[in-house]
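One structure is given here, and the rest of the page talks about it.
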Amino acid sequence: MGSTVQDDDGTPQRPSPNPFPGDPYLLWLENALEEGRADLKERVKELACLFAVDRALRRADLQWRTSLQEIVDVLPSGFRSPAQISARIRLGNDELMTEGFRGTEWRLARRIIAEDDLLGEVEVTRSHPPKEGENAFSLEEESLLASVADRLAEAMGRIRAEDELRRGQAFQKALIRAAPIPLFSVGRDGKVLVWNPAAEQVFGWPAEEVCGNSLPILGEEDREEFTEMRRRASQGETLAGVHFTCRTHDGSPIAVLLSISPVRLAPDDAQPSAVFFAVEDFSDQEGIWTTKRFQARLLDSVGQAVIATDLRGRIVYWNRAAESIYGWRSTDVMGRDILDVTPSPGLEAEAESITEVVRSGEHWTGEFEVRHRDGSTFPALVTNAPIHDEHDRFVGVVSVSSDISRTRNLEAQLRQSQKMEALGVLAGGIAHDFNNLLTVIQGHVELMLGGLPSNSPLHEDMQEVISATHRATRLTRPLLALGRRQVGAERAVDLRTCLAEIEPLLRRLIPSRIEVRVDPGSMPATVKADPSQLDQIIMNLAVNAVDAVERSGAISFGVDRCTITPESSLSGPWEAPPGTYARFTVKDTGTGMSPEVAERIFEPFFTTKAAGHGTGLGLSTVFGIVGQGGGHLRLSTEPGVGTTFEILWPLVEGEGSGEGAGEESGERPGPVEPGPNLRSQLAGAATVLVVDDGPAVRKVIRRTLERSGYHVLTAENGTDAIALQEEHAGRIRLVICDVVMPQMGGIELLTHLEETSPGLPVVLTSGYPDREMGDGIRSRASGFLQKPFGPGDLVRLVEEILDA
């Protein structure tokens with residue numbers, strides 16, 4: 001039986017007559033010819049399909065979607081069984097397909113890739129399965145689909161390049177239009193090609209009248225000079241700062257500076273296609289810049305970096321401040337990606353979201369760590385804003401940024417200062433409360449001492465307690481100074497005495513693993529200084545030495561004299577002039593310092609300790625106190641050997657050294673014990689109101705005054721004192737009140753008593769010095785007692801006021 005031959009699409013083929021039936025060779029030849037004709041037919045179909053694709057892609061961009069639909073419709077014709085083939089193209093947001101397209105398991109797809117970007121996909125499917133033993137698609141069909149995908153990618157790349165070119169041209173035109181100075185260009189034929197709005201404003205001609213015509217701003221006498229400048233620029237020369245006189249629309253002359261440069265469409269063009277002119281207004285002969293010149297230089301004059309980029313992030317403007325802040329010259333960065341020039345991990349991570357904000361027309365501001373050209377990083381405050389052309393299309397981004405390193409440092413210093421201020425307030429409060437306790441201790445001990453027989457063995461012990469309270473008072477002075485409650489009081493003091501008094505505290509402060517050596521010297525070393533500040537210097541240097549001696553070692557303290565001659569100078573922060581000085585030395589056998597650390601050791605807030613272990617103010621405080629007192633400081637250090645600090649003060653000859661008794665040495669007179677006559681006279685004769693929020697302080701003052709024959713009333717604040725004063729009106733002869741109290745303090749009570757009981761004496765007491773109150777308050781009070789004070793001080797002042 002015979003068989004019917006069909007095409008792949010099911011169309012029956014008419015059998016060809018065999019003129020030589022039964023000849024196997026001729027039969028094979030006939031079959032080969034038939035297969036060749038079928039294969040040729042398939043190749044023609046493929047070529048016809050590709051020709052139709054190329055024809056569709058040659059259409060203009062405005063017909064792009066129509067072209068894609070034509071490609072989709074013609075694509076099945078290039079396959080063996082067009083009736084079974086459906087096609088679809090997905091490109092960006094567009095998706096086009098043949099009518100009735102549906103996905104099947106017999107699918108062939110190729111991606112559309114241009115410049116390594118995945119743009120979309122072209123896909124074909126079969127509606128019926130292939131014959132048994134055949135593939136769904138032949139190698140030729142796979143090659144056809146790959147060729148279509150390549151052609152689409154090539155076309156898309158061309159369209160994108162043309163679009164970028166158009167955008168770039170639009171951006172350049174927008175920059176020219178936005179320029180604050182007149183800009184224009186002239187072609188080879190002398191006709192004006194570009195005339196920006198600033199040129200319209202300065203010269204008075206609109207662009208419609210100027211473009212395509214000869215330049216109208218030239219007078220007859222200026223044409224020859226202008227032609228020569230054009231000729232030089234046309235030969236490739238750039239001219240800058242050329243003085244020239246132009247004419248405005250009304251014929252008025254205007255003096256300008258011209259900058260002229262050739263314009264080449266391609267870098268290798270032999271001749272420029274046009275000449276570009278930038279006009280800067282120069283209105284007088286003395287060279288005073290007018291508004292136009294100011295506007296032209298405005299962006300280069302600001303202290304912030306101004307950078308403009310196009311839609312691809314390529315730099316198109318870079319002002320002088322940007323050169324200074326980022327370290328790149330304008331010529332080095334033009335056309336480069338902004339993220340390559342100013343890399344910042346934070347900025348790169350948020351670049352897309354920032355761009356979306358700017359695209360929407362909003363400004364974006366933020367802080368980033370940015371890398372300088374030299375590799376260092378710094379914090380930058382960045383503000384981005386959109387650039388729009390005359391059609392309000394988004395064409396780029398302008399970025400204004402500044403280095404905020406100094407601001408960050410100032411903020412850190414402010415936080416440190418606020419911390420130190422809070423610490424000072426705390427220290428002042430502690431010193432105030434401590435002085436209250438010392439008042440109680442000193443008062444009771446002096447009362448006990450006054451009641452002892454003269455031959456009592458407890459006299460010496462009591463005097464030691466009183467001396468200890470005086471030394472403790474000196475220790476509160478640095479705390480008051482830290483809280484800005486104490487003003488330095490200079491007087492003659494022997495450094496030997498100062499060191500001897502603080503030696504016991506040093507030995508308790510310094511760990512036992514460190515040997516303490518003290519050499520007070522043999523000669524007086526009297527200087528003029530505040531003893532509390534000297535104590536602070538010694539303590540700060542001691543603490544620094546302890547930190548330097550990590551394990552076992554030694555710290556030496558010494559006092560001696562030093563003579564500086566004109567031939568021997570002392571190096572350090574100051575040059576010590578010739579003379580004789582008292583020298584205080586602190587030497588340790590610790591780790592020493594490197595030259596780099598030693599150079600910065602006196603800087604405020606500089607510390608080599610870990611975070612949270614030191615303020616960096618100890619040695620800077622020493623430096624400030626020594627310098628303020630007219631002293632000189634020398635540092636000697638060597639890594640692994642140790643460090644020596646030497647402080648020189650001008651020696652004071654012939655003045656008291658301060659070791660004697662009396663107020664200069666911090667000692668206070670002993671208690672005053674009134675005699676029998678005075679007691680009898682005062683008993684019941686005077687009532688004193690004592691106001692203090694400290695119960696122990698009220699008690700010791702009350703006992704002191706009652707022992708001296710006074711009648712005493714007590715109150716713990718100003719409000720209670722007013723109630724007592726009203727209850728005992730006319731009987732109270734004197735009020736003694738603390739300055740700092742809850743509800744109503746001493747100053748408020750003083751003001752109230754001045755109004756209700758004029759002439760009633762008021763004595764103020766405080767753990768702070770009277771300087772804190774101001775001259776006005778001190779003059780209004782009848783007296784002031786600074787805590788800690790003893791019974792003798794209290795009784796003497798009361799007697800002086802009541803006897804006046």
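The values are calculated or read from the model by the stated rules, or taken from the named source; none is laboratory data. Model, not experiment: these values are computed from the prediction. Every residue, glycine among them, receives a Cβ derived from its backbone with ideal geometry; neighbour counts consider all protein chains shown. The protein model used for the area step is the full one, side chains on, heavy atoms only, and it has no ligands, DNA or RNA in it. Shrake-Rupley method; radii C 1.70, N 1.55, O 1.52, S 1.80 Å.
Tell me which residues, restricted to the stretch 437-460, are open to solvent by 20 Å² or more (accessible area, probe 1.4 Å), at pLDDT 75 or above and in a helix (DSSP H, G or I). The answer is L437, V440, I441, H444, M448, G450, L458, E460. Restricting the first member to the stretch 110-138 and to residues that are over 25 Å from Q69 (Cβ atoms), and the second to residues that are surrounded by 12 or more Cβ atoms within 10 Å (Cβ to Cβ) and of a type in the set (A, V, I, L, M), the beta-carbon pairs closer than 6 Å and six or more apart or on different chains are P130/A136. For the stretch 413-420, the criterion of being modelled with pLDDT under 85, open to solvent by 70 Å² or more (accessible area, probe 1.4 Å) and touching a strand residue (DSSP E or B) at 6+ places or on another chain (Cβ under 9 Å) is satisfied by no residue at all. Annotation: I307 fulfils all but one of (1) open to solvent by 60 Å² or more (accessible area, probe 1.4 Å); (2) of a type in the set (V, I, T); (3) closer than 22 Å to A179 by Cα; the unmet one is (1). Just one of E140, E162 is within 28 Å of Q84 (Cβ to Cβ) and open to solvent by 50 Å² or more (accessible area, probe 1.4 Å); which is it? From the options E140, E162, the qualifying one is E140. Scanning the stretch 145-168 for residues that are of a type in the set (A, V, I, L, M, F, W, C) and either under 26 Å from S77 (Cα atoms) or in contact (Cβ under 8 Å) with a residue 40 or more places away in the chain (or both) turns up L145, A146, V148, A149, L152, A153, A155, M156, I159. Looking only at the stretch 79-113, residues that are in a strand (DSSP E or B) and open to solvent by 60 Å² or more (accessible area, probe 1.4 Å) come to 7 in all. For A274, indicate whether it is surrounded by fewer than 18 Cβ atoms within 10 Å (Cβ to Cβ), of a type in the set (A, V, I, L, M), over 45 Å from the mean Cα position of the chain (by Cα) and modelled with pLDDT of 75 or more. Spelling it out, it is not the case that A274 is surrounded by fewer than 18 Cβ atoms within 10 Å (Cβ to Cβ), of a type in the set (A, V, I, L, M), over 45 Å from the mean Cα position of the chain (by Cα) and modelled with pLDDT of 75 or more. Being at positive phi, among the acidic types (D, E) and open to solvent by 60 Å² or more (accessible area, probe 1.4 Å) is a property that D116 has.
Tell me, yes or no, whether the stretch 206-229 has at least one residue that is without any contact (Cβ under 8 Å) to a residue 60 or more places away in the chain, part of a loop (DSSP other than H, G, I, E, B) and of a type in the set (D, E). The answer is no, given that none of the residues of the stretch 206-229 is without any contact (Cβ under 8 Å) to a residue 60 or more places away in the chain, part of a loop (DSSP other than H, G, I, E, B) and of a type in the set (D, E).
Counting only helices (runs of 4 or more DSSP H) wholly contained in the stretch 328-401, the ones carrying 2 or more residues that are open to solvent by 40 Å² or more (accessible area, probe 1.4 Å) and of a type in the set (S, T, N, Q) occupy 345-359.
Determine, yes or no, whether L760 is crowded, with 21+ Cβ neighbours inside 10 Å and not small (G, A, S). So L760 does not fit the description; no.
The residue that is farthest from the chain's Cα centre (by Cα), among those in the stretch 188-203 that are outside any helix (DSSP H, G or I) and at pLDDT below 90, is D189. I260 satisfies every condition listed in (1) at pLDDT 80 or above; (2) surrounded by fewer than 18 Cβ atoms within 10 Å (Cβ to Cβ) except (2).
Checking the stated criteria, S127 turns out not to satisfy the condition of being more than 27 Å from L311 (Cα to Cα) and in contact with an Asp or Glu (Cβ under 9 Å, 6 or more places away or on another chain). For G100, indicate whether it is at pLDDT below 85 and of a type in the set (G, A, S). So G100 passes the test. For the stretch 708-743, which positions are surrounded by fewer than 20 Cβ atoms within 10 Å (Cβ to Cβ), among the hydrophobic types (A, V, I, L, M, F, W, C) and at pLDDT below 90? A729, V740, listed by residue number. Of all residues in the stretch 489-514, those being outside any helix (DSSP H, G or I) and either modelled with pLDDT of 80 or more or surrounded by 15 or more Cβ atoms within 10 Å (Cβ to Cβ) (or both) number 9. Mind listing whichever residues of the stretch 208-231 are open to solvent by less than 40 Å² (accessible area, probe 1.4 Å), over 18 Å from V263 (Cβ atoms) and touching a Pro at 6+ places or on another chain (Cβ under 8 Å)? Scanning the stretch 208-231 gives a single hit, G219.
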